[in-house]
Structures are given as C-alpha cells and as structure tokens.
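Some notes on the structure that comes next.
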Amino acid sequence: MRPQGHIRDRSRGSFEIRYSLGTDPATGKRRVVTATVKGNRKAAEKELRRLLRTVDTGEHVDPTRMTVRAWLTQWHDTVRSEVSLKTHERYGEIVNNFLIPALGNLPLVKLAPINIQHAYNGWAAGGRLDGKQGGLSARTRRHIHRVLKSALSRAVEQQLLARNPAEAFKKRLPKVARRNMKTLTTGESARLLHAIKHTRIYWPVLVALSTGMRRGEVLALRWRNVDLEVGVVRVAESLEQTKTSIRFKSPKTDRTRAVDLPGFAVEELREVKRQQAEELLMLGVRQTGETLVCARADGKPLQPQSLTHQFTRLIKRIKDLPQIRLHDLRHSHATQLLAAGVHPKIVQERLGHASITTTLDLYSHVTNTMQADAAARLDAAFQPAMKHIKGAK
C-alpha cells in the first residue's frame, strides 16, 4: 500500500501535513507523522508530495525519532560545501565538543529553550577543554550559539522543526568585552622592521605594515599581482591553513581589491624581488609571476601558523616595543592612517572590510580623537569671525 497523507488548515499562512509511515513492526500500530508548512496551500501540497516520495523511496527521516545528535551531524556534513575548510573545522569542534555532549541525546522535535538555557548555564560555569577552572569565554559562548542557531534554522527550512528554539536567546547573549587594541606607532613600526631586517619574516611584516593585508592575504600574494612601477598590489587570494593542509582561496569578502603602496615599501619590495630571484636561481628555480612574494627559500608557501609563531618569538626579544600579535600589524596600519587624517572610507577599502561600519566600530578609539581634532579645527576657523561679530556690536 502506497503512503498517504492529507493537509489541514491551521491558521492564516500555516498548514498541517499528516502522512503515514505504515505500521510499526514493534508495536503493530500505524505510524503517523505531523509537520507544519508555512505559506499557501500549494506550498503545503508540494511539501506533502516530497515527503511521500521520500517515504516511498526509503529516504524518509522520521522527525519524531531524530535526535539533536543526528541532526547536528547531518547539518555539519551538509554545510561542508558552503563554507571554507577552516570554518567547517571550527563548526565540527563546536558540534562535537559542546553541542552534542550537552544536547545530543534529546529528540530534535522536543528541543526547547529551557534545554538550551541549561546548556548555556553549564558553559558559563565550566566546560573548558583545557581542564582549567572557570567557564567558557563570552566570545566562545556566542560562537556556540551562532552555530546552534544556524543548524536549527536549517532544520526549520527542512520542515523538521516548526520554529527555532535558539531564537529565544537573541537578546540575552553574553556580552563580549572589547579588547584593548595594541598597535604600533610609525616610529615603532620602523624600529620593528630594522630589528628583523636580517630574518625571513621581514618580508611579510613589511607587506602587512604597509598595506594592512591579513596574514593569509600576505602569504598568498604573487608577483603578478604586484606592480612596482605604479606602486599597487592586488589582493586576489588568501592562504588558509587547516589541520590537514594549506590551500589558496578567495579573500574574506570574495572581492579583489587594489592597495597603493607607500614609496618606502616599493623600494624594499624591489630589493626583496631581486634577493628572492637570486636565491631561487641557486636552487635551479626561476622566479615568475606565479612566485609568491613571501615564501620559503625554495619558493613554496609559508605556513600561516608557523609565521605567527616566528613573529611571537621575535617580538619578545625586541626591547621597548609593545608585545603585539601578528594580526596587530593590520590594526597598526589602520590606526596610523586614521591618526594621520586619512578618511575612514579609504581605510575601509585598503583593509577590505565589507562595510565602513566595521571600520568605524573597530577603530572607534581613533575616530573619537579625530572628532575632537575636527572640533578644534572648526573652532580655529570660527574664532576670527566670532571676534569680528562681537567687536561690531
């Protein structure tokens, strides 16, 4: 007997689908599944036909029997082709280390905000993977929430859930304290470059300080994207490192951007190119447009994490410089430009931020100073006129 079902109106724009899965071999009772479809009746009829077809072909998944563990595993596998490998790895860590242990055994259709709240309370008090005392950071807990919300949103799309229980927490997420940004002044940047001139990480540090490029973008830069005559680099690729490999991919915002180089960087890159060509020639390798600007001695890509570790070790040895991270070179570039009066829109374009709002929010400590400077300049411009008006009374 072929599976059958019917549709019943629930409310305006909402329909209930009921269909049979046949007889349960264990109990001998008829199994009926109920699902809710948002939209018009035509959409409900289409969904019912799809579900009946999956029952007929044996592909049907009974939502009443699916656990949170099963759904999270299925969702994580599904999004593999939709995100970068690094992001997929991070999703897997969140799913396997936190979400499945806390919520995995619950039936998906019975997952409620109170279950999620209990898990969130536990992570606020403990659950660190390094075994140390205390709860997870607010930033990590917010990331766990984003992953859970995304997975459950897909379950709603697939008609496995009528609503997303994680939506209840959108106004009650832990607040992330803004980190005090450590940056270098132009003088400190020059001292850093002088101190590491004899090392191989001089090249990527030079590029980062003069362009504001991200670590992966610096390590993926090829000579064909560097025009030393015009003084411009094109950011077209990024190098991503996962647990198993490194790979080239599109930049974070998926858009190629052009960044003008300061004169000192052009001259230094000319020297870098000459030195690299000589090194490669000694190994029997010819430098071409495809050659990476910041590479190993044999021309092969530098591993992003290895560069970070090298930079951390070197910065500790340099006296009278802030103990910054490699990524803070990017922040230093932006801060120096804004402090020099460069328009935030230009800074946004150089950094590759999707929106100027991101730039203004991230560097509010500098833009606040710019506001005070703007007011002082306006005051200086108005003072003569105001004195003239007062004198005329």
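List of remarks:
- You will find that of 75, 123, 71, the residue that is of a type in the set (A, V, I, L, M, F, W, C) and closer than 30 Å to residue 248 by Cα is 75 and no other.
- Tally of residues being open to solvent by 80 Å² or more (accessible area, probe 1.4 Å), within 22 Å of the chain's Cα centre (by Cα) and not basic (Lys, Arg) across the range 178-187: 1
- So residue 277, is it farther than 24 Å from residue 359 by Cβ, touching a helix residue (DSSP H, G or I) at 6+ places or on another chain (Cβ under 8 Å) and among the aliphatic types (A, V, I, L, M): no
- Leading residue by the ranking (farthest from residue 270 (Cα to Cα)) among those in the range 227-241 that are β-branched (Val, Ile, Thr) and open to solvent by less than 20 Å² (accessible area, probe 1.4 Å): 235
- Matching helices (runs of 4 or more DSSP H) fully within the range 311-393 where at least 3 residues are modelled with pLDDT under 90: 356-362, 364-392
- Count - residues of the range 301-310 that are open to solvent by 10 Å² or more (accessible area, probe 1.4 Å) and part of a helix (DSSP H, G or I): 5
- For the range 74-102, the set of residues classified as open to solvent by 80 Å² or more (accessible area, probe 1.4 Å) and either among the hydrophobic types (A, V, I, L, M, F, W, C) or under 22 Å from residue 122 (Cα atoms) (or both) consists of 90, 96, 101, listed by residue number.
- Residue tally, condition without any contact (Cβ under 8 Å) to a residue 40 or more places away in the chain, of a type in the set (A, V, I, L, M) and surrounded by 12 or more Cβ atoms within 10 Å (Cβ to Cβ), over the range 120-140: 2
The values are calculated or read from the model by the stated rules, or taken from the named source; none is laboratory data. In this text the structure is predicted, and so the values were computed from the model without any measurement. As a convention, Cβ positions derive from the backbone with ideal geometry for all residues, glycine included, and neighbour counts pool all protein chains shown. Side chains included, ligands, DNA and RNA excluded: accessible areas come from the protein's heavy atoms. Shrake-Rupley method; radii C 1.70, N 1.55, O 1.52, S 1.80 Å.
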